[in-house]
Amino acid sequence: MWRVSTLLNEPTGTTGTQTGFVEPAPSALLLLGQGRDLASERGVECTGALPAPSDPDLVERARAARAALGDRAFVLGHHYQRDEVIDFADVTGDSFKLAREAAARPEAEFVIFCGVHFMAESADILTSDAQQVVLPDLAAGCSMADMAEIGQVEEAWAVLQDAGIADEVVPVTYMNSSAAIKAFTGRHGGTVCTSSNAQVALRWAFDRVGGVDGNGKVLFMPDQHLGRNTAVRQLGMSLDDCVVFDPRKPMGGLTTQQLRDARMILWRGHCSVHGRFSERNVADVRAAVPGVTVMVHPECKNEVVSAADLVGSTEFIIKALDAAEPGSSWAIGTELNLVRRLAKAHPDKQVHYLDSTVCFCSTMNRIDLPHLVWAMESLVAGRVVNRIVVDADDAHWARVALDQMLALPGI
């Protein structure tokens with residue numbers, strides 16, 4: 001069993017006792033769960049809260065270091081970062097937007113990327129050789145990106161060659177992948193996509209081999225849910241058109257005929273945060289909050305996306321809430337730091353977190369104020385720490401794949 005606690009407008013002292021939901025209040029409300037969920041990916045205990053904010057002395061040190069760096073540094077903050085980090089970001093956004101913002105600031109000697117490793121790699125690929133990209137904590141990785149390793153992908157491509165279909169397959173990788181996987185995609189004539197433009201990228205990939213409205217095939221990495229949801233919801237395919245390639249099994253756990261029949265060959269990967277949301281979460285919040293609009297990210301499972309009212313990228317979610325009517329109720333299925341920030345920014349709306357047991361993105365939250373202060377103070381002292389440098393050959397081919405994405409219609 002789990003219980004909820006209010007995070008905004010504290011203290012309230014009011015919790016629900018029957019459904020596990022807090023009674024709606026006049027101001028914005030965020031519903032959080034606490035407890036254990038041993039059926040989750042690894043079995044976790046979630047407290048529903050991050051540690052207390054950093055002490056005032058550390059905040060002052062951050063301000064002093066940021067001021068000392070001035071225009072020499074450009075600080076990027078991903079939407080899922082802690083508030084104490086976002087406070088020092090020059091720009092906030094999703095991963096690709098931030099990488100492009102960095103490339104548009106050639107005067108910045110240092111790009112401090114408050115995100116995760118693959119994001120800093122993309123920034124290094126897109127910025128000039130004169131700029132140095134710093135990741136405050138090298139342990140800030142991405143479990144989804146780690147689910148597709150270059151050796152595994154090369155072995156998978158060999159399986160497709162043996163099946164006689166490699167010439168019909170265009171690789172498409174999600175932005176949430178390593179530079180090595182983006183480079184693989186570029187070498188094999190594919191492209192990169194974001195959650196915002198996955199539909200356009202997949203349509204281009206299918207047509208590239210099969211002609212306009214053709215019957216080409218796509219190897220989609222590393223998030224199976226975004227690939228499946230885009231193919232079924234936006235391109236009119238069926239679930240039967242999709243197969244899941246498991247790199248830990250011989251031939252991906254598939255037969256040669258299954259590979260030949262499939263249109264979408266989905267890599268067995270997922271987001272550990274978005275993969276937690278369930279149909280039950282949707283049903284529970286609808287029962288507890290009459291008239292609620294359920295909005296989720298396309299990295300959620302297909303059954304969750306099908307049960308939701310709106311589905312879209314991080315930027316879509318932000319814009320939808322900005323445009324929402326005062327007094328409206330929303331349940332949002334994406335990372336908690338962003339949902340909490342949206343709730344605070346919209347006190348005229350009821351904003352609920354969709355999951356019943358709260359977990360932040362553990363790797364994203366490795367970037368905290370102590371690490372950011374250390375990185376900035378080191379730069380002030382003339383030491384470049386945790387610099388992210390992508391291999392030159394990988395950078396070239398990853399850039400080919402990224403440029404192909406930028407050349408897609410409507411991008």
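Couple of notes before you dig in:
- Qualifying residue in segment 359-367 (condition: touching a His at 6+ places or on another chain (Cβ under 6 Å), in a helix (DSSP H, G or I) and under 19 Å from HIS117 (Cβ atoms)): no
Every residue, every condition in (1) in the same structural domain as VAL244 (by TED's automatic domain parsing); (2) within 23 Å of MET237 (Cα to Cα), yes or no:
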position	(1), (2)
ALA130	no, no
ASP137	no, no
VAL153	yes, no
ASN215	yes, yes
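- The condition (being under 19 Å from SER313 (Cβ atoms) and part of a loop (DSSP other than H, G, I, E, B)) is satisfied by just one residue among SER128, SER122, SER177: SER177.
- For segment 315-337, residues that are surrounded by fewer than 22 Cβ atoms within 10 Å (Cβ to Cβ) and touching a residue at least 60 places away in the same chain (Cβ under 8 Å) total 5.
- Any hit, segment 198-215, residues being in contact with a Ser or Thr (Cβ under 8 Å, 6 or more places away or on another chain), farther than 30 Å from ALA392 by Cβ and assigned to a helix (DSSP H, G or I): yes
- Subset of segment 377-402 [β-branched (Val, Ile, Thr) and part of a helix (DSSP H, G or I)]: VAL380, VAL400
- Residue in segment 281-290 that is among the charged types (D, E, K, R) and closer than 18 Å to GLY164 by Cα present: no
- Only helices (runs of 4 or more DSSP H) whose full extent lies in segment 223-314 are considered here, and the ones with at least 1 residues that are in the same structural domain as ASN337 (by TED's automatic domain parsing) and basic (Lys, Arg) are 279-288.
- When PHE316 is tested against (1) in contact with a helix residue (DSSP H, G or I) (Cβ under 9 Å, 6 or more places away or on another chain); (2) closer than 30 Å to VAL289 by Cα; (3) of a type outside the set (Gly, Ala, Ser), just one condition goes unmet, and that condition is (1).
- Qualifying residue in segment 281-290 (condition: in contact with a Ser or Thr (Cβ under 9 Å, 6 or more places away or on another chain), crowded, with 23+ Cβ neighbours inside 10 Å and within 19 Å of ASN197 (Cβ to Cβ)): no
The values are calculated or read from the model by the stated rules, or taken from the named source; none is laboratory data. In this text the structure is predicted, and so the values were computed from the model without any measurement. As a convention, Cβ positions derive from the backbone with ideal geometry for all residues, glycine included, and neighbour counts pool all protein chains shown.
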